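The values are calculated or read from the model by the stated rules, or taken from the named source; none is laboratory data. What you see is a predicted model; the values in this text were computed from it and never measured. Quick reminder, even Gly has a Cβ in these numbers, built from the backbone with ideal geometry, and neighbours come from all protein chains shown.
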């Protein structure tokens, strides 16, 4: 399959025909690999040991990273959660799906109308300068997810934890997953301790089990149970922690441990650190059960975050700002991939990769064809992961956030990253900022005034991408 084929596959037919034809897998002499995709919510680029943290303690995550390949320029497709989650599952820029902001749950005013369609039009908040496009309330069932694409290869698929891509008929069970534990329309829990409440009621599909049990421990236990139940067949497991999203809540013993530690490199919150420790413990549980069942060497484990760390909670330096912002602190993530015997251990790569790449890469590693009849924006990273290539062909990466967030501290923006250069466009005043990311990782020197030629070139690229994807832009009244 050449680059043109896997970037954009054209065809026609029903969604079912697309699924069956697109997910057809090449015959293989041995069972295809299992996949465990561990996604942490709001984890910063430097919040783990393998990326340099000396305050947070992540020995199990660091062991995973040491046994595989680390990507130091890995990006989420958005600076907030729902769009990135959609991009991971589909290999498509979230703007194509109308998911450009975090999806509002019913408790946040996100009730779906009787027509069961995503909203259209614009929000007109008098407190903001611009009208902004209405965000989707769910990921459409016409999208083909990793779970659906792996079905014809005999994969079992399980989703454990945060979903945040729609309620009810848009939940994981209707997007290809055989098992759903904890997935709902909500973006965060109100309590990390059992019972895990959502507006005073248990989270759907995560019924109370043991009063006071910590959610991250519960999700790890459910993940291990799924692996045990499917050990004799290929499986894809989506382990999506609600942690380390606010509210900051952790086990008292872990909090006490970090209260006794001195601040290091600006990282200091003991409760946040304890939450990260619990995520690390959960990774250790998953790796242990893979070892116990003899599955480690045929299981590809991915560790990633959905967006940057909240800059008021953690310190993302040297990256600028954090979650929601167009700067590197909002979109660059810690990424490690381990598959013993297939992915070289102890390797670090500075190639630019994105969450849109997971879908084609997982299908490629499984020996599956990409679905026909739809644009797949991501690239198959199999050659890099297996050590057959150290670089990728040059390509541009894009982001689009036409919304306000956190009051108006985050204002509508779009971004293009091309080679060493990054252009940020702000829609309220049309201002554009230009950075040489390789030489200025902290984005402290805006070069827009001194390099108008580069601004013009990247601006044209961004305009073309916005048109091609059908992106909705903010509007003046």
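Which one of 155, 122, 93 is closer than 20 Å to residue 234 by Cα and either in contact (Cβ under 8 Å) with a residue 12 or more places away in the chain or surrounded by fewer than 24 Cβ atoms within 10 Å (Cβ to Cβ) (or both)?
Only one candidate qualifies: 155.
Taking helices (runs of 4 or more DSSP H) that do not extend beyond the stretch 252-347, which have at least 1 residues that are on the phi < 0 side of the Ramachandran plot, in contact with a strand residue (DSSP E or B) (Cβ under 9 Å, 6 or more places away or on another chain) and in contact (Cβ under 8 Å) with a residue 12 or more places away in the chain?
Ranges flagged: 270-292, 328-331.
Report, by residue number, each residue of the stretch 164-193 that is within 18 Å of residue 244 (Cα to Cα), surrounded by fewer than 20 Cβ atoms within 10 Å (Cβ to Cβ) and out of contact with any strand residue (DSSP E or B) (no Cβ under 8 Å at 6 or more places or on another chain).
Answer for the stretch 164-193, where residues must be within 18 Å of residue 244 (Cα to Cα), surrounded by fewer than 20 Cβ atoms within 10 Å (Cβ to Cβ) and out of contact with any strand residue (DSSP E or B) (no Cβ under 8 Å at 6 or more places or on another chain): just 188.
Checking residue 423 against (1) at pLDDT 95 or above; (2) closer than 25 Å to residue 468 by Cβ; (3) in a loop (DSSP other than H, G, I, E, B); (4) over 20 Å from the mean Cα position of the chain (by Cα), which test does it fail?
That leaves (3) as the condition not met.
Just to be sure I understand, how many residues within the stretch 96-114 are modelled with pLDDT under 95, surrounded by 15 or more Cβ atoms within 10 Å (Cβ to Cβ) and more than 19 Å from residue 169 (Cβ to Cβ)?
0
On the basis of being surrounded by fewer than 23 Cβ atoms within 10 Å (Cβ to Cβ), within 25 Å of residue 184 (Cβ to Cβ) and free of Cβ contacts under 8 Å to residues at least 40 places away in the same chain, does residue 117 make the cut? First the steps, then the outcome.
On the way: surrounded by fewer than 23 Cβ atoms within 10 Å (Cβ to Cβ): yes; within 25 Å of residue 184 (Cβ to Cβ): yes; free of Cβ contacts under 8 Å to residues at least 40 places away in the same chain: yes.
So residue 117 fits the description; yes.
Of everything in the stretch 26-44 that's touching a strand residue (DSSP E or B) at 6+ places or on another chain (Cβ under 8 Å) and under 14 Å from residue 153 (Cβ atoms), which residue is modelled with the lowest pLDDT?
26
Checking the conditions here, which among 281, 254 is over 27 Å from residue 325 (Cα atoms), more than 25 Å from the chain's Cα centre (by Cα) and at pLDDT 95 or above?
254
Do the conditions hold for residue 259, that is, is it buried (at least 20 other Cβ atoms within 10 Å of the Cβ), more than 17 Å from residue 161 (Cα to Cα), modelled with pLDDT of 95 or more and touching a helix residue (DSSP H, G or I) at 6+ places or on another chain (Cβ under 6 Å)?
Criteria not met by residue 259.
Taking into account only those residues within the stretch 192-204 that are modelled with pLDDT of 95 or more and assigned to a loop (DSSP other than H, G, I, E, B), which is nearest to residue 274 (Cα to Cα)?
Among residues in the stretch 192-204 that are modelled with pLDDT of 95 or more and assigned to a loop (DSSP other than H, G, I, E, B), the one nearest to residue 274 (Cα to Cα) is 192.
Out of all the residues in the stretch 359-380, is one or more touching a helix residue (DSSP H, G or I) at 6+ places or on another chain (Cβ under 8 Å), in a strand (DSSP E or B) and surrounded by 19 or more Cβ atoms within 10 Å (Cβ to Cβ)? Explain how you work it out, then say what you get.
Within the stretch 359-380, the first condition is being touching a helix residue (DSSP H, G or I) at 6+ places or on another chain (Cβ under 8 Å), and the residues that meet it are 359-380.
Those left that are additionally in a strand (DSSP E or B): 368, 374-375.
Of the ones still in play, those that are also surrounded by 19 or more Cβ atoms within 10 Å (Cβ to Cβ) are 368, 374.
Yes; the residues of the stretch 359-380 include at least one that is touching a helix residue (DSSP H, G or I) at 6+ places or on another chain (Cβ under 8 Å), in a strand (DSSP E or B) and surrounded by 19 or more Cβ atoms within 10 Å (Cβ to Cβ).
Just wondering, is there one or more residues in the stretch 196-218 that are under 29 Å from residue 362 (Cα atoms), surrounded by 22 or more Cβ atoms within 10 Å (Cβ to Cβ), touching a residue at least 40 places away in the same chain (Cβ under 8 Å) and touching a strand residue (DSSP E or B) at 6+ places or on another chain (Cβ under 7 Å)?
No; the residues of the stretch 196-218 include none that is under 29 Å from residue 362 (Cα atoms), surrounded by 22 or more Cβ atoms within 10 Å (Cβ to Cβ), touching a residue at least 40 places away in the same chain (Cβ under 8 Å) and touching a strand residue (DSSP E or B) at 6+ places or on another chain (Cβ under 7 Å).
Out of 59, 83, report the one residue that is in contact with a helix residue (DSSP H, G or I) (Cβ under 7 Å, 6 or more places away or on another chain), over 25 Å from residue 258 (Cβ atoms) and either at pLDDT 95 or above or surrounded by 19 or more Cβ atoms within 10 Å (Cβ to Cβ) (or both).
Result of the check over 59, 83: 83.
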